[in-house]
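Structure record follows, encoded as structure tokens.
The values are calculated or read from the model by the stated rules, or taken from the named source; none is laboratory data. All values derive from a computational prediction rather than experimental measurement. Cβ placement follows ideal geometry from the backbone for every residue including glycine, while neighbour counts extend to all protein chains displayed.
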Amino acid sequence: MRTRNNRTLLFGALILLFTLVLSACGSGNNVNNETGGSQAADNTNAGNASASGNAANETEAGNAANTSASGNTSNTPAAGNAETTVFKDALGREVTIPVHPQRVITTQYLPEMIAVGFKPVGAASHLLTGFTSIKDQIAGIEDIGAANEPNVEKMLALKPDLIIAAEWNKDQLDSLSKIAPTIVIQWDGKDAFQHMTDVAGVLGLSDKADEFKRNFDKKTEDARAKLAEYVKPGETFGVVVIGGYEQKQLRVYGSGNVGYTLFDALKFPMTDAVKTEWAKGDNGQGLSISLEKLPEFASADRLFLVQFDNDPDFIKEVDASSLWKNLPAVKNGKVYTLDDGLWFSYDVMSISAQLDDAVKLLAK
């Protein structure tokens, strides 16, 4: 036993000596690793966004003119760590986030992620139920509850490495940030393609966003060429929405939102009355009009109609009205009833599907 104990002591001493040597070597390696990490960060900041997945420089260059609107002023690699970056979000918060996030939860930007080939692990309820264009691509994404009151326990269980929110989540940021790094990407004041570009930049997928936009532009050109055979030059278009936000609500739309596909993508003209009122701005929820104003604001040659089923009595009232029946598009059979789940969604996936739908409806 004594001999075994002595050998044990000797062996222990040798292990201790060996450990001290390794520690000294390890210290030198740590210095090298930190230096290498800083160099990698510097290289990334110099513009190697495609190699590292950090879209900081692209965001800075592409959004310089929109800094005040977006809040995404810069992304800077975190010192000593090539796998994270410091992102300045729409609220001016500097948040350290993964360069290549893998397990993302979003309260708003699901269609934008799908558009660039990224599937998050969790999303708010409305994103999983209200978007016709992505309904076949959301299998496996967990429902985290309402966007303004997400289920914290469910989010924790998903073990996210990043949460992407919108500005209306500012009251939840403290609780969300305890789950994972949380950033806010600006929604208001931006078009659908800028939403996609901003989200793709955070995910390191800016090249996929560029590819989507190129394909959409080509698709739009093809649609215009095809519809030139069916739509006469100068024919005016209008968008009428019945119901939705409030009871007995009647709205018309110009460019952007519901009218994006018709007026921005396909370049169809709207009536002068709508154009004049729309130019006054602040029309995010459309121009509310009375039934008596239909002849003034819905006199287009062709009308695209959205009817929400939350106000069936008012739909019947409008349909039975002589003001509606005497509209040019109604009299000539050129009213096109739309899927509200598709046309009342403002995102790149929906807009692309709307373009297909518009061609289908008009090319006859």
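Annotations for the structure displayed:
- Condition check for Lys219: over 17 Å from Trp343 (Cα atoms), over 25 Å from the mean Cα position of the chain (by Cα) and modelled with pLDDT of 95 or more: no
- Count of residues meeting criterion [polar (S, T, N, Q) and over 18 Å from the mean Cα position of the chain (by Cα)] in segment 136-173: 2
- Close pairs (7 angstrom Cβ cut-off, 6 or more residues apart or separate chains): in the same structural domain as Lys293 (by TED's automatic domain parsing) in segment 240-261, part of a helix (DSSP H, G or I) and of a type in the set (D, E, K, R) anywhere: Gly254/Lys275; Ser255/Asp264; Gly256/Asp264
- Filter result for the condition that a residue is in contact (Cβ under 8 Å) with a residue 24 or more places away in the chain, among the charged types (D, E, K, R) and surrounded by 18 or more Cβ atoms within 10 Å (Cβ to Cβ), over Asp161, Asp191, Asp198: Asp198
- Checked against the criterion of being under 18 Å from the mean Cα position of the chain (by Cα), of a type in the set (Asp, Glu) and at pLDDT below 95, the candidates Asp207, Asp188, Asp198 yield just one match: Asp188.
- Ala223 being in contact (Cβ under 8 Å) with a residue 60 or more places away in the chain, in contact with a Leu (Cβ under 9 Å, 6 or more places away or on another chain), surrounded by 15 or more Cβ atoms within 10 Å (Cβ to Cβ) and not β-branched (Val, Ile, Thr): yes
- Scanning segment 127-140 for residues that are without any contact (Cβ under 8 Å) to a residue 24 or more places away in the chain, among the small types (Gly, Ala, Ser) and under 22 Å from Asp171 (Cα atoms) turns up nothing.
- Residues that are surrounded by fewer than 18 Cβ atoms within 10 Å (Cβ to Cβ) and either at pLDDT 95 or above or part of a strand (DSSP E or B) (or both), drawn from segment 235-249: Glu235
- Any hit, segment 278-289, residues being without any contact (Cβ under 8 Å) to a residue 60 or more places away in the chain, more than 20 Å from Val335 (Cα to Cα), assigned to a helix (DSSP H, G or I) and of a type in the set (Asp, Glu): no
- Scanning segment 298-318 for residues that are closer than 23 Å to Ala358 by Cβ and either out of contact with any strand residue (DSSP E or B) (no Cβ under 8 Å at 6 or more places or on another chain) or not assigned by TED's automatic domain parsing to the domain that holds Gly243 (or both) yields a single hit, Asp309.
- Among residues that are among the β-branched types (Val, Ile, Thr), buried (at least 19 other Cβ atoms within 10 Å of the Cβ) and at pLDDT below 95, Val258 is included.
- Members of segment 345-354 that are buried (at least 20 other Cβ atoms within 10 Å of the Cβ) and of a type outside the set (Gly, Ala, Ser): Asp347, Val348, Met349, Ile351, Gln354
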